[in-house]
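Taking it in order: structure first as structure tokens, then the write-up.
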Amino acid sequence: MGAQLRVYKRRIRAITATKKITKAMEMIAASRIVKAQRKVAASMPYATELTRAVTAVATGSNTKHALTTEAEQPTRAAILLITSDRGLAGGYSSNAIKQTERLTERLRAEGKEVDTYIVGRKGVAYFGFRERKVADSWTGFTDSPAYADAKRVAGPLIEAIQLDTAEGGVDELHVVYTEFVSMMTQNAVDGRMLPLSLDKAEEETGAKGEILPLFDFEPSAEDVLDALLPRYVESRIYNALLQSAASEHAARRRAMKSATDNAGDLIKSLSRLANAARQAEITQEISEIVGGASAMADATAGSDK
């Protein structure tokens, strides 16, 4: 019985140490969510005004450009998948990967080849384990992305959208990321980044039905779109990275809170078992003492006769 009690105490000590770690990780994640939310909010005005500018150029000219013009028969698409570098975040990365798999199946059903670009070690590990080709990947910044990281990711994607498909280019660019809705809700979503849908752009900027003024473009509308293309892609990727970072911290906080609560429940259960084992041990010792005293009393009474 004493051995069983030692096992319970050892397990309680181990789980208590784990509980301290998960509680600390929960508090760290909670503190980072607020900072990530502020970055998301700060990035929105720039992204919105940039989309409005692109919409104005596209609607004010007849220029055909990779930014706004859809291919007549698109044959190749690129997907940018954003996952996390670290685990312990519940289903955060797996949900984004599942959304990518669904999008890939849909694009292939439309007769398009798919090139996959990945941000985050979890996505890279998933595709690497299955020996599936990845066009390019980036790691090391998912929990706190900077605009420079977005520019680094955007470079190969911009190059791919500008090339002809015969030269390895793509007709469409999609992004899969985790949208931050609230502290309790984060949704894995996908969206087409390029070519830009003017109707959707107007809805995002609140310009739906708005009469735009006439513009003169210097030196030309095509040159303006060439200048806006990298800025638009970079801002969209940066916003997706920030939303994903906020979602990652929220998912990790929720997962660590659940782990902390479960550890507390397990400690209570083991404490009850340890108390029961201790009580049983005490009861057994008392029974042995009483039994020994009775045996000695019987022996003494037999010798007196």
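The values are calculated or read from the model by the stated rules, or taken from the named source; none is laboratory data. Nothing here was measured: the structure is a model prediction, and the numbers come from that model. Cβ coordinates were reconstructed from backbone atoms using ideal geometry, including for glycine residues, and neighbour counts include every protein chain displayed. Please note that ligands, DNA and RNA were not included when accessible areas were found on the heavy atoms of the full protein model with its side chains. Shrake-Rupley method; radii C 1.70, N 1.55, O 1.52, S 1.80 Å.
A few comments on the model shown:
- Summing Cβ point charges (Lys, Arg +1; Asp, Glu -1) relative to the Cα centre of the chain gives a dipole of roughly 2220 debye.
- Expressed as a whole percent, the proportion of Cα-Cα pairs in the range 229-274 lying more than 11 Å apart is 72%.
- Environment charge at residue 177 (Cβ cut-off 11 Å; Lys +1, Arg +1, Asp -1, Glu -1): -2
- Working value for the range 1-108: equivalent-ellipsoid semi-axes of 51, 22, 6 Å, each the square root of 5 times a Cα gyration tensor eigenvalue, largest first.
- Residue-wise HN-Hα couplings along the range 3-19, as the Karplus relation 6.51 cos²θ - 1.76 cosθ + 1.60 with θ = phi - 60° gives them from phi, are 5, 5, 5, 5, 4, 4, 5, 5, 5, 5, 4, 5, 5, 4, 5, 5, 4 Hz; Gly and Pro carry x.
- Estimated from the Cβ-Cβ distance and a Förster radius of 35 angstrom, the FRET efficiency linking residue 279 and residue 258 is about 0.65.
- Rounded to the nearest 20 debye, dipole of the range 3-120 from Cβ charges on Lys, Arg, Asp, Glu: 1480
- Rg then Dmax, both in Å and based on the Cα atoms of the range 1-44: 19.3, 64.
- Global dimensions of the range 236-305 from alpha-carbon coordinates: Rg and Dmax equal 30.0, 103 Å.
- Selection from 154, 125, 27 lying farthest towards where the dipole of the chain points positive, charges on Cβ: 27
- Per residue value of the accessible surface for the range 66-126 (all protein chains in place, 1.4 Å probe), Å²: 47
- Over 31 Å [Cα-Cα, the chain], rounded percent: 48
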